[in-house]
Every structure is written in structure tokens, then in C-alpha cells.
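Undergrad: Quick one: the structure is below, questions incoming.
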Amino acid sequence: MIKVFVDTDVCIDLLSGRQPFNNMAEILFSLADLGQIKIHVSSISFANIDYILRSQYGANHSRKILANFKTLVNVLSVDNKTIDLAIASDFNDFEDAIQNSCAIENNLTTIITRNTKDYKKSTIKVVTPEVFLTKHK
């Protein structure tokens with residue numbers, strides 16, 4: 001089974017219905033729902049997603065969305081080593097550095113994000129949802 005790390009932006013596309021990006025996110029996560037891929041996200045993604053969803057849907061509805069979302073993904077811990085790697089990285093954006101370090105620490109080889117330019121310094125493959133889906137139909 002293909003295992004991938006999905007960046008927060010793609011998760012938000014799915015959960016907030018952010019147009020026009022939600023279509024690709026829906027297809028990607030439907031593959032996980034069907035058991036064709038295994039999607040991993042970092043624990044900090046949940047805080048970031050909740051922040052966005054609360055402003056759109058309110059706190060109670062956001063929590064319900066997150067509970068359903070959790071059934072589709074494997075949540076990876078962000079620990080001391082992950083933070084140390086992120087601090088030592090050359091990434092400009094610290095949140096992206098944490099995401100990248102989390103993926104590497106968990107032996108994942110692909111990050112799926114819409115913001116590939118933010119991951120230029122990654123040592124693993126970084127692709128958009130469209131590129132991933134084109135290669136994994």
C-alpha cells in the first residue's frame with residue numbers, strides 16, 4: 001500500500017470545501033477511504049485545521065468534522081526529535097519544517113501539498129495532489 005504524508009493545506013481544502021482545490025482533495029482522500037493509500041498527517045495539522053474550521057463552522061461543528069476526518073488518516077506525533085530537526089532545517093517557514101521533519105522521521109517518502117515551493121529544501125519527494133493522482137490512478 002502506498003503511504004503518503006499530506007500537508008495541512010490539502011486537508012483544509014477537503015474539510016472546508018475550498019474551491020477549486022477541494023475536488024482533488026476529495027479524490028485523494030477517497031483513495032484512503034477505499035483502502036488504496038494510507039494518508040498520514042502530523043498532530044499539529046489538527047490544531048491548524050481546527051483554527052480554520054472554527055471560523056467557518058463554529059467550534060462544535062469543527063470538532064465533529066475533525067472526528068470524522070480522523071477516521072481517514074493516521075496521526076503522527078510531533079516530538080522532541082521532530083522539533084529539533086525542524087529547528088536545524090533550512091526551511092523558511094517553521095510549520096513546513098515541522099511537517100517535513102515529521103514525514104522524514106516516520107520514513108515516509110512523499111509529501112502531498114499544494115505549496116510545493118515551500119518544500120524546496122525537502123530531501124523527500126514533494127508533489128501536488130494533481131501530480132500524485134495522475135501517477136497513481
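What follows is calculated from the coordinates using simple rules that are stated; it is not laboratory data. The shown structure was predicted, so the numbers you read here are calculated from the model rather than taken from an experiment. Please note: Cβ atoms are built from the backbone with ideal geometry, for glycine as well, and neighbour counts cover all protein chains shown.
Undergrad: Tell me, which helices (runs of 4 or more DSSP H) wholly within the range 76-137 include 1 or more residues that are under 20 Å from Ala32 (Cα atoms) and among the acidic types (Asp, Glu)?
TA: It comes to 129-135.
Undergrad: Working only within the range 35-87, note down all residues that are farther than 18 Å from Ile98 by Cα and among the polar types (S, T, N, Q).
TA: Across the range 35-87, the qualifying residues are Gln36, Ser55, Gln56, Asn60, Ser62, Asn68, Thr71.
Undergrad: From Ile83, Ile104, Ile111, grab the single residue that is closer than 11 Å to Asp7 by Cα, out of contact with any His (no Cβ under 7 Å at 6 or more places or on another chain) and of a type in the set (A, V, I, L, M, F, W, C).
TA: Among Ile83, Ile104, Ile111, only Ile111 is closer than 11 Å to Asp7 by Cα, out of contact with any His (no Cβ under 7 Å at 6 or more places or on another chain) and of a type in the set (A, V, I, L, M, F, W, C).
Undergrad: Please note which helices (runs of 4 or more DSSP H) are completely contained in the range 1-74 and include at least 1 residues that are of a type in the set (S, T, N, Q) and closer than 22 Å to Lys125 by Cα.
TA: Where helices (runs of 4 or more DSSP H) fall fully within the range 1-74 and carry at least 1 residues being of a type in the set (S, T, N, Q) and closer than 22 Å to Lys125 by Cα, they are 8-16, 22-33, 43-57.
Undergrad: Give the residues of the range 73-90 that are surrounded by fewer than 17 Cβ atoms within 10 Å (Cβ to Cβ) and either touching a residue at least 60 places away in the same chain (Cβ under 8 Å) or farther than 18 Å from Asn106 by Cα (or both), sorted by residue number.
TA: Across the range 73-90, the qualifying residue is only Asp90.
One line per residue, one yes/no per condition, for (1) farther than 11 Å from Val41 by Cα; (2) over 16 Å from the mean Cα position of the chain (by Cα):
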| position | (1), (2) |
| --- | --- |
| Leu76 | no, no |
| Asp79 | yes, yes |
| Ile87 | yes, yes |
| Phe91 | yes, yes |
| Glu95 | yes, no |
| Ala103 | no, no |
| Thr110 | yes, no |
| Lys117 | yes, no |
